[in-house]
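The structure appears below as structure tokens.
Taken together, the values in this text are just the output of simple stated rules run on the coordinates, not laboratory data. None of the values given here were measured: they were computed from a predicted structure. Backbone-built Cβ (ideal geometry, glycine too); neighbour counts: all protein chains shown.
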Amino acid sequence: MLYPVIWKNDSVVLIDQTRLPNEYAVIEVHRSQDMAEAIRTMIVRGAPAIGVAAAYGMYLGAREIKTNNRLEFLHDLEGVAQLLRSTRPTAVNLFWAIGRMMQIAYETLGNIEEIKQNLLETAEKIRAEDLETCQLIGDNGLKVLPKTPEKLIILTHCNAGALATAGYGTALGVVRSAWKEGRLSRVFADETRPRLQGAKLTAWECVQEGIPVTVIADNMAAHCMKQGLIDAVVVGADRIAANGDTANKIGTYNLAIVAKSHNVPFFVAAPVSTIDFTLDSGDKIPIEERHPSEIYQLGDSMLTPLGVEFYNPAFDVTPAELITAIITENGAFAPHELPTP
Ligand code: MRU
């Protein structure tokens, strides 16, 4: 199993996802500032994985604080939380994990060393829980996948795999569980412009596990569905509003429309921590905009002429009515019937 974020020898070890699939490399992160940079630059990415990384980042920040005064400590820790929150705006797991870490800090009554110890233990817990959650999502997904054909072809977008979580994955967790149970024939992976997480990361993960995978360009999904090649779509999520509207990687919304018009079931797989019950609609989900070079540059080559403008939203919001079911660790739900915590 792949573990993109682990705690080892007093530092956080991240798989450098910007180098895959050409090179498998890990980096050691010792400081909260470096963790913020790793999240911003997408060395670590995917909603649950950045939540786990941020939790460890909070501990790294806590151990950098030298005071013995509790109030000063909590004030400085708020600064660390702010730094980590400022990295990426859309995935709610980041804010959820940081919130949980701050709560532990406030609730620990002992001395500063005890607070620091509790923070490390909580980060470890967040990681372990995510791993378990993903396995449950995978197994719950199996219960709602179409019963026929016996071996399914599942299309996914971006990377919602082990690399995007503590391990196992959400959408790819469903794929893994289906593969283990003999219910999967093959994965189709949208390449996922502009950063190509599908072509680079999802395809790489599938190859590691011997899961047959076909990479397609994003604009081929409708054609594949028309040909009857796709039995179900399963994607991950970065933030789900209380009404079931779901933010995920840009292009997910297109895919949901295409799936609807071909009667292909469209599933979202995500932990409950991805549901933001404070937002009543997807319109309120903040959408990250990234640097235009992700569109105009490929390696060292320029893809466009000079003098054009760019718009590079990293996520879009799929309306709830296009989603067949949201698969969580607690079961699969119709998007408008999400159970409140
Ligand atoms: O920009 P990224 O690569 O962090 O976006 C990732 C996605 O959109 C994933 O589908 C989502 O975070 C779910 S990961 C289990």
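Once you list every other residue whose beta carbon is under 14 Å from the beta carbon of ILE211, what net charge do they have if Lys and Arg are +1 and Asp and Glu are -1?
Details: positive: LYS151, ARG176, LYS180, ARG183, ARG186; negative: GLU181, GLU205, GLU209.
Net charge around ILE211: +2.
Residue farthest toward the positive end of the dipole of the chain, with Cβ of Lys/Arg at +1 and Asp/Glu at -1: which of VAL5, ALA49, GLY173?
Of the listed residues, the answer is GLY173.
Note the full-extension length gain between GLU107 and LYS66 as 0.36 nm times their separation in residues minus their Cα-Cα distance, in nm to one decimal. Mind showing how you got there, number by number?
Working: separation 41, 0.36 × 41 = 14.76 nm, distance 1.97 nm.
Length gained between GLU107 and LYS66: 12.8 nm.
Can you give me the relative contact order of segment 5-133 as a percent, contacts being Cα pairs under 8 Å and 6 or more apart?
Values: 175 pairs, mean separation 30.1, N = 129.
With pairs under 8 Å counted, the relative contact order is 23 percent.
Rounded to whole Hz and in sequence order, give me ³J(HN,Hα) for segment 97-102 from the Karplus expression 6.51 cos²θ - 1.76 cosθ + 1.60, θ = phi - 60°, writing x for Gly and Pro.
Values, residue by residue: 5, 5, x, 5, 5, 5 Hz.
Once segment 224-278 is represented by equal point scatterers at the alpha-carbon sites, with solvent omitted, what log10 I(q)/I(0) does the Debye formula produce at q = 0.20 Å⁻¹?
Scattering profile of segment 224-278, log10 relative to I(0): -0.72.
Could you check which residue among PHE95, PHE73, PHE315 shows the biggest mean-square fluctuation in a GNM of the chain with a 10 Å Cα cutoff?
Its mean-square fluctuation being the largest, the pick is PHE73.
Before anything else, pin down the relative contact order of segment 146-333: Cα pairs under 8 Å, at least 6 apart, normalised by residue count, whole percent.
Details: 372 pairs, mean separation 39.9, N = 188.
Rounded, it is 21 percent for segment 146-333.
Cα gyration tensor of segment 222-328, axes a ≥ b ≥ c as square roots of the eigenvalues: rounded (a/c below 1.5), prolate (a/b > b/c) or oblate? Numbers along the way, then the final one.
Values: a/c = 2.51, a/b = 1.33, b/c = 1.89.
Oblate shape, in that a/c is at least 1.5 and b/c is the bigger or equal ratio.
Within 10 Å, count the other beta carbons around each residue, average over each peptide in 54-61, 194-201, and list them highest first. Don't skip to the answer; put the middle values down first.
Values: 54-61: 27.8, 194-201: 23.8.
Top of the packing list down: 54-61, 194-201.
What is the chain's relative contact order, in percent, from Cα pairs under 8 angstrom and six or more apart in sequence? Please list the in-between numbers first.
Numbers: 721 pairs, mean separation 55.6, N = 341.
The normalised contact order for the chain reaches 16 percent.
Given charges of +1 on the Cβ of Lys and Arg and -1 on the Cβ of Asp and Glu, with all other atoms neutral, how large is the dipole of segment 146-333 about its Cα centre, in debye to the nearest 20? Please report the intermediate quantities before stating the final value.
Values: 15 positive and 21 negative charges, 125 e Å.
For this selection, approximately 600 debye.
Over all alpha-carbon pairs in segment 146-333, figure out the percentage whose distance exceeds 20 Å.
On the way: 9383 of 17578 pairs.
Roughly 53 percent, rounded to a whole number.
Share of antiparallel DSSP beta bridges in the chain, in percent to the nearest 5? Before the final figure, lay out each step's value.
On the way: 20 of 39 bridges.
Within the chain, antiparallel bridges account for around 50 percent of the total.
What share of Cα pairs, in percent, lie more than 16 angstrom apart in segment 86-159?
Every Cα pair in segment 86-159 considered, those over 16 Å come to 67 percent.
Could you identify which residue out of VAL80, VAL52, VAL207 has the top mean-square fluctuation in a GNM of the chain using Cα springs shorter than 10 Å?
Per the Cα network of the chain with a 10 Å cutoff, VAL207 tops the list.
Using only alpha carbon positions, build the gyration tensor of segment 5-133, then give the equivalent ellipsoid semi-axes as the square roots of 5 times its eigenvalues, largest first, whole angstrom. Please list the in-between numbers first.
On the way: eigenvalues 119, 39, 38 Å².
Taking √(5λ) for each eigenvalue gives 24, 14, 14 Å, largest first.
Residue separation times 0.36 nm, minus the C-alpha to C-alpha distance between LYS151 and GLN82: what's the value? Provide the component values of the computation, followed by the final result.
On the way: separation 69, 0.36 × 69 = 24.84 nm, distance 4.67 nm.
Length gained, LYS151 through GLN82: 20.2 nm.
Sort out for me the Cα centre separation of segment 76-118 from segment 145-222, rounded to whole Å.
33
What's the magnitude of the charge dipole for segment 136-254 around its Cα centre, counting Lys and Arg as +1 and Asp and Glu as -1 at the beta-carbon? Answer in Debye, nearest 20.
Values: 13 positive and 11 negative charges, 14 e Å.
Around 60 debye, computed over segment 136-254.
Å³ per residue of the Cα convex hull, for the chain? Please list the in-between numbers first.
Numbers: hull volume 46.9 nm³, N = 341.
Here the figure is 138 Å³ per residue.
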